[in-house]
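Just so you know, all these numbers are worked out from the coordinates, no wet-lab data involved. Quantities reported herein were computed from a predicted structural model and do not represent experimental measurements. Positions of Cβ are generated from backbone atoms using ideal geometry, with glycine treated the same way; all protein chains shown enter the neighbour counts.
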């Protein structure tokens, strides 16, 4: 009986460790809202898919993990604010099989966006 309990505990720790490692390795896209306004709609389009974020409050950020096997190309973004003002543009470059990376899009104001590619 003790061996069964030890096996269950060991398998649980292995599962949790594998899950944590998976999310640590996977590339992600983070959007940070530094404006004083709510972003009601945020979308980032990659060459092989589109990431849709839920509304992002002022001073908050959100992240979405993206696929490893993405096609190469640019990040295109679209933001719609509560005031109905919109920002569109592109920045950065998507490559296939990126690991341990975070692409951060910081919305600084209603007309300024900064993009950084961070290694984790």
Can you tell me the order of 60-71, 5-16 when each peptide is scored by its average per-residue count of other Cβ atoms within 10 angstrom, highest first? 60-71, 5-16
Report, for the range 27-119, the % of DSSP beta bridges that are antiparallel, rounded to 5. 85
Could you grab the relative contact order for the chain? Cα pairs under 8 Å, six or more apart, rounded to a whole percent. 27
Going by how many other Cβ atoms sit within 10 Å of their own, how do 37, 86 line up, fewest first? 86, 37
Can you put 2, 105 in order of Cβ neighbours within 10 angstrom, beginning with the fewest? 2, 105
Order of 1, 26 from fewest to most other C-beta atoms within 10 Å? 1, 26
Counting helices only, and only those DSSP H runs with n ≥ 4, report the 222 nm mean residue ellipticity of the chain as the sum of -39,500 (n - 2.57) divided by its residues, in deg cm²/dmol to the nearest 500. -7000 deg cm²/dmol
Two pseudo-spin positions, 7 Å from Cα along C-beta at residue 23 and at residue 68, lie apart in nanometres by 1.8
What does the convex hull of the Cα atoms of the range 35-120 come to per residue, in Å³, rounded to a whole number? 82
How many angstrom lie between the C-alpha centres of the range 93-120 and the range 54-86? 10
In degrees between 0 and 90, to the nearest 10, how far off the longest principal axis of the chain does helix 2-25 point, with axes built from Cα atoms? 20
